[in-house]
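The values are calculated or read from the model by the stated rules, or taken from the named source; none is laboratory data. All figures in this text were calculated on a predicted structure; none of them were measured in a lab. Cβ atoms come from the backbone with ideal geometry, glycine included; neighbour counts cover every protein chain shown. Just so you know, the surface numbers come from the protein's heavy atoms only, side chains and all, with ligands and any DNA or RNA stripped out. Shrake-Rupley method; radii C 1.70, N 1.55, O 1.52, S 1.80 Å.
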Amino acid sequence: MGTFVGMPAFPEAASRAVGDAQLRYNLRKATHTIRAKRAAVVDEQPDWAELRAAGAAIKDRTLRHLDVYLERLESAVTAVGGHVHWAEDAAEANRIVVDLVGATGETEVVKVKSMATQEIDLNTALEAAGIRAYETDLAELIVQLGDDLPSHILVPAIHRNRAEIREIFTGRMASWGRPAPENLQDDPRALAEAARLHLRERFLSAKVGISGANFAVAETGTLVVLESEGNGRMCLTLPETLISVVGIEKIVPTWRDLEVFMQLLPRSSTGERMNPYTSMWTGATEGQEFHLVLLDNGRTSVLADQVGRQALRCIRCSACLNVCPVYERAGGHAYGSVYPGPIGAILTPQLRGLTGPLEESLPYASTLCGACYEVCPVAINIPEVLLDLRAKAVTKGHRVERLAMGAARRVLDHPKWLAVAQRSAGRLRRWTPRRLPGPLSAWSDTREVPVPPRESFRDWWTRRPKAEGER
């Protein structure tokens, strides 16, 4: 599979994406369908606001005492025969997983859809070690066979229509295992059946499974995966060795806490009252060897940020993507990360740091309309975090912008200087350029330069007729 490394900043990538009419049609049709389903099942829930507040409160409490709950989870998993590994970053997590698979002697693994393993680009690390990873989620299978990149949290192949999927299956399935049926049509049922037959061989032969988890219950050491196809159940139960890579923020303290999220997640993600498959496992069961890899990879740095830490509440429902006007037009690839859309615009710069043009551009990939905040089931104030990251991006880099802001602050701090600047702007208004010069041109590429008024408010106030009381 490809990686997101080295992708251009958001404005450049988005400008190419919005020129693809087929992509825009695919995105609009899919996001509006999911959005409508979600709205219907949320509206029928009388205590949705209370559930949302409870979810946010549970997550905040967990994050405040994350060290305690992590140790509790480790003890619980170990007590029931599991093995816990700690990974500080992507490189360490990949090394741990590669070594665990290598110890089994196997050269093939099956995978449940997992954002964490995509985040660390595990498939590439496995391939470098001579181990082939087979994605078993239908959308992930489409992405893998098409040598593509995921573009949505819930539906990674949302940018593909069924005609494109048929072409991918007929052209690439044979090189990954069982070929597509002859004369395969683009009917959804036929495509799903082709994928089912292709994957069944992998499920029955694989000895190692790799998963993520939607939640990890610290009280009992139980991991939870919610899915819609049943592929997760096959991956979790059939292999002799199961390796789960889980972000440290996925913890919930107790089973009672889990109940809240079991109501929030299905409604917000797929627009269902209950997801079709919920798999739970506690330690090593039925003779299976179980390994849990707890992944940091920048999460403790996010936790240290008083404004940005709320991003760690995210339960990966993708509701914010489906209502975002920017995502609907630009698609997921433009974000240059496995986490696209509004949540990616705040999570990626925090996990990676504001280290390059891509990360610095993501906080600006938003209209700040607030729709993402309104639909978030755990009340992440994404616009607030976006503004905070924009301030940090300006403080960190962009020398010209810093100089301009510094000059503006000096003028605004001195009333006499401000008055002179206002009068000068009014007298020179006829020469106001349509486009700013040099480095400032990036601002005026998407905006009209405002024409200064002929007279400032200050001057108007001074010369206006005075009322009797004012004299």
Report task. Find the relative contact order for the range 207-299 and round it to a whole percent, using C-alpha pairs within less than 8 Å whose residues are 6+ positions apart. Result -> 39 percent
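Roughly what % of Cα-Cα distances in the range 95-188 sit above 18 Å, to the whole percent? Numbers along the way, then the final one.
Details: 2107 of 4371 pairs.
For the range 95-188, the share of Cα pairs beyond 18 Å comes to 48 percent.
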Query raised in the report: Which of the following values of Rg/Rh (Cα atoms, Kirkwood Rh) was calculated from the structure shown: (1) 1.06; (2) 0.98; (3) 0.94?
Result: (1)
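Can you count the Lys pairs in the chain with C-alpha separation below 21 Å, eight or more apart or on different chains? Spell out each step's value before the answer.
On the way: K29/K37; K59/K250; K111/K207; K111/K250; K113/K207; K113/K250.
Going through the chain pair by pair, I get 6.
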Query raised in the report: Rounded to the nearest 500, what is the chain's calculated 222 nm mean residue ellipticity when only DSSP H runs of at least 4 contribute -39500 (n - 2.57) each, over all residues?
Result: -15000 deg cm²/dmol
Report summary line: Once Lys and Arg are counted +1 and Asp and Glu -1 for all other residues with Cβ under 12 Å from that of T170, the total becomes -2
Query raised in the report: Using alpha-carbon positions, what is the distance between the centroids of the range 388-466 and the range 312-377, in Å?
Result: 30 Å
Report task. Run the dipole for the chain about the Cα centre, Lys and Arg Cβ at +1, Asp and Glu Cβ at -1, nothing else charged, and hand back the magnitude in debye, nearest 20. Result -> 2980 debye
Report summary line: Per the range 155-298, sqrt(5λ) over the Cα gyration tensor eigenvalues, sorted largest first, in Å, gives 31, 20, 13
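What FRET efficiency, computed as 1/(1 + (r/R0)^6) with R0 = 56 Å and r the Cβ-Cβ distance, is obtained for T462 and N161, rounded to the nearest 0.05?
Values: r = 64 Å, r/R0 = 1.15.
That pair, T462 with N161, gives E of 0.30.
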**Report entry** Residues of the range 305-368: accessible area per residue with a 1.4 Å probe, Å²
**Finding:** 25 Å²
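For the range 272-345, what does the alpha-carbon gyration tensor say about shape, rounded, prolate or oblate, given a ≥ b ≥ c as the root eigenvalues, a/c under 1.5 as rounded, and a/b over b/c as prolate? List each step's numbers first, then the result.
On the way: a/c = 2.34, a/b = 1.46, b/c = 1.60.
Because a/c hits 1.5 or more and a/b fails to exceed b/c, the range 272-345 counts as oblate.
In the range 238-310, what trypsin sites (Lys or Arg not before Pro) fall in a loop by DSSP, with at most 15 other Cβ atoms inside 10 Å?
Numbers: sites: K250, R256, R267, R273, R299, R309; in loops: R273.
Hits after loop and neighbour filter: R273.
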Requested in this report: State, as an integer percentage, the relative contact order of the range 359-471 based on alpha-carbon contacts under 8 Å between residues 6 or more apart.
Outcome: 16 percent
Query - Unpaired by the 4.7 Å Cβ criterion, cysteines found in the chain - result: C235, C314, C317, C324, C369, C376
**Report entry** the chain: relative contact order in percent, alpha carbon pairs under 8 Å with at least 6 residues between
**Finding:** 20 percent
Query - Nitroxide proxy distance, nm - points 7 Å out along Cα→Cβ at H83 and K29 - result: 4.7 nm
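Please get the size of the charge dipole for the range 29-146, origin at its Cα centre, with Cβ charges of +1 on Lys and Arg and -1 on Asp and Glu, quoted in debye to the nearest 20.
500 debye
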Requested in this report: With a/c under 1.5 counting as rounded, go ahead and sort the range 204-273 into rounded, prolate or oblate using the C-alpha gyration tensor (a ≥ b ≥ c being the square roots of the eigenvalues; past the cut-off, prolate if a/b is larger than b/c, else oblate).
Outcome: oblate
Query - Carbon/sulfur fraction of accessible area - the range 320-409, other protein chains in place, 1.4 Å, % - result: 60 percent
Query - Dimensionless Rg over Rh [the range 347-471; C-alpha; Kirkwood] - result: 1.10
Report task. Calculate the spin-label point distance for R402 paired with T300, positioning each point 7 Å from the Cα along the beta-carbon direction, and give it in nanometres. Result -> 2.9 nm
Query raised in the report: Which net charge results when you count Lys and Arg as +1 and Asp and Glu as -1 among the other residues whose beta-carbon is under 14 Å from that of L386?
Result: -3
**Report entry** Reduced Cα scattering model of the range 341-421, Debye log10 I(q)/I(0), q = 0.15 Å⁻¹
**Finding:** -0.63
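So if we plug the beta-carbon distance of S424 and T395 into 1/(1 + (r/R0)^6) with R0 = 22 Å, what FRET efficiency do we get, rounded to 0.05?
E(calc), rounded to 0.05, equals 0.15.
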